[in-house]
Amino acid sequence: MADGMSSFWGPVTSTHEWCEPNYVYSSYVAEFFNTISNIPCILLALIGLVNSLRQRFEKRFSVLHLSNMTLAIGSMLYHATLQRLMYKYYIHTEDKSAKRLAKFYVATLSIGTVCWLLDRLLCKDITRWHFNPQGHAMWHVLMGFNSYYANTFLMYCRAQQRGWDPKVKHFLGFFPYVKIQNRKPSRK
């Protein structure tokens, strides 16, 4: 951190920092260059989105551009704050079902990454196998679950912050979702 400059976001909670000094240019931006380097990603995704809508491409292209924009915005927020929000929520959450959601998030991310890497690095070998495990296809499936678990966990945490007494329930005995027990108005 630059001498005499304090962080607007509080202490760094990220377990990894990049090779850039923190809060040198602003108390609002931890890693200035890693933060602003996401701007081209956001602008290019926006240009792609507008073009795909104007040219009436299938909706999947709009979704791709929106996904890229969301990823860049998330990266920008992470580098600006160096906060690990899910980790902070995890350590403050006592509900075992909610903690299980966070663990599933990490597990699907880890296993999905391994599937993607194996498919990418061993493709020539895998194509000679009797059975192709389809690592990239598995990555798609696992990332779908990964996003769902992350969003559901964050919904639980937000409901908890607002004092709504959330509970994790399961649809068809398998798919977790958040059920609000007592919705009280909150100013948080």
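Laboratory data are not the source of any read-out in this text; all were calculated from the coordinates shown. On a predicted model such as this, the values are computed, not experimentally measured, just so you know. Ideal geometry is used to build each Cβ from the backbone, glycine not excepted, and the neighbour counts take in all protein chains shown.
In whole Hz and in residue order, list the ³J(HN,Hα) couplings for the range 130-145 that follow from phi through the Karplus curve 6.51 cos²θ - 1.76 cosθ + 1.60, θ = phi - 60°; x for Gly and Pro.
Running phi through 6.51 cos²θ - 1.76 cosθ + 1.60 with θ = phi - 60° gives 5, 10, 8, x, 6, x, 5, 5, 5, 4, 4, 4, 5, 5, x, 5 Hz.
Could you size up the charge dipole of the chain around its Cα centre, putting +1 on the beta carbon of Lys and Arg and -1 on that of Asp and Glu, and report it in debye to the nearest 20?
1040
Quick one: how many lysine pairs does the range 91-180 have with C-alpha atoms less than 23 Å apart and a gap of 8 or more or different chains? Give me the count, please.
11
Putting +1 on Lys and Arg Cβ atoms and -1 on Asp and Glu Cβ atoms, find which of V29, G135, A102 reaches farthest to the positive end of the dipole of the chain.
A102
Quick check: residue separation of V24 and L71 times 0.36 nm, minus the Cα distance between them. What number comes out in nm?
14.5 nm
What full-extension length gain, to one decimal in nm, is calculated for R100 and M143 as 0.36 nm per residue of separation minus the Cα-Cα distance?
13.8 nm
Using amide H atoms built 1.01 Å from N in the peptide plane, name the residues 5+ places from S26, or on other chains, whose amide H lies under 5 Å from its own.
The answer is none.
Just to check I understand the Karplus step: with θ = phi - 60° and J = 6.51 cos²θ - 1.76 cosθ + 1.60, what whole-Hz values come out for the range 30-41, glycine and proline as x?
Karplus values, whole Hz, x for Gly and Pro: 5, 10, 4, 6, 5, 6, 6, 5, 7, 4, x, 4.
Taking the Cα centre of the range 1-83 as the origin and placing charges on Cβ (Lys, Arg +1; Asp, Glu -1), which of T13, A72, Q55 is farthest toward the positive end of the dipole?
The one lying farthest along the dipole's positive direction is Q55.
Got a sec to turn the phi values of the range 167-183 into Karplus ³J(HN,Hα) couplings, 6.51 cos²θ - 1.76 cosθ + 1.60 with θ = phi - 60°, whole Hz, x for Gly and Pro?
Coupling constants for the range 167-183: 9, 8, 10, 10, 7, 6, x, 10, 7, x, 8, 9, 10, 7, 8, 8, 7 Hz.
Find the all-direction average of the projected area of the Cα convex hull for the chain, expressing the result in square nanometres with one decimal place.
For the chain, the mean projected area of the Cα convex hull comes to 15.8 nm².
Compute, for the range 18-123, the length of the dipole vector about the Cα centre, with Cβ point charges of +1 (Lys, Arg) and -1 (Asp, Glu) only. Units Debye, rounded to 20.
400
Can you tell me, using C-alpha contacts under 8 Å and at least 6 residues apart, the relative contact order of the chain as a whole percent?
This gives 15 percent for the chain.
Can you give the relative contact order of the range 1-83 as a percent, counting alpha carbon pairs under 8 Å and 6+ residues apart?
Dividing the mean separation by the residue count of the range 1-83 yields 36 percent.
Could you work out how far apart the two model spin labels at I36 and V114 are, taking each label as a point 7 Å from the Cα in the direction of the beta carbon, and quote it in nm?
Output for this residue pair reads 4.1 nm.
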